[in-house]
Amino acid sequence: MPRDAGRAPGNCLGKADLLPSGLGSRPGRPPLPRPAPVERLRGKGKAGLERLLGPLVRALVRSPVPPNQVTAVSLLLTLAAAGVLAAGHLPAAGALFLLGSALDLLDGTLARASGRATPFGAFLDPTLDRVGEGALPVALWTTGQRIAHVRQQLSGGAP
């Protein structure tokens, strides 16, 4: 098979050329095997989460709450966690972040279980996840700047 088979005309690099060896798709080759302990741990974790969240998912399936609304509330909780973190309230920020993360675990499961999965929802969920994840480092930076300023003031240094 020619090296450039399956590529668009004029395209000198394929996706496999951009990824380190062993990552991404491996066209024409079998997938790399995962180590057995990792698979067992992944399976146990997934089963545990399904057991833990199953009753809540079943309740949400019966409710009129759309999965995209769960995604939006998850983002709002994560942004609230970032704001609370920037204000310096670490335990409250952690609690809000955990609650937002738990809701984020539910939205895709709810969409699939209720038959309401859509291409827009599949785009919206990871996009809003990245927005929330971007807010947290900014909040950490803000908190660090405020702490540095207070330390400087307490030590008698100029602002």
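Quick check on Leu96: is it closer than 30 Å to Val138 by Cα, free of Cβ contacts under 8 Å to residues at least 24 places away in the same chain and not charged (D, E, K, R)? Write out each step before concluding.
Details: closer than 30 Å to Val138 by Cα: yes; free of Cβ contacts under 8 Å to residues at least 24 places away in the same chain: yes; not charged (D, E, K, R): yes.
Judged against the criteria, Leu96 is a match.
Across segment 65-121, the qualifying residues are those that are of a type in the set (D, E, K, R) and assigned to a helix (DSSP H, G or I), and the one among them that is surrounded by the most Cβ atoms within 10 Å (Cβ to Cβ) is Asp107.
Arg34 satisfies every condition listed in (1) exposed (fewer than 13 other Cβ atoms within 10 Å of the Cβ); (2) modelled with pLDDT of 85 or more except (2).
The values are calculated or read from the model by the stated rules, or taken from the named source; none is laboratory data. Predicted model only: the values in this text are computed from it and were never measured. Ideal geometry is used to build each Cβ from the backbone, glycine not excepted, and the neighbour counts take in all protein chains shown.
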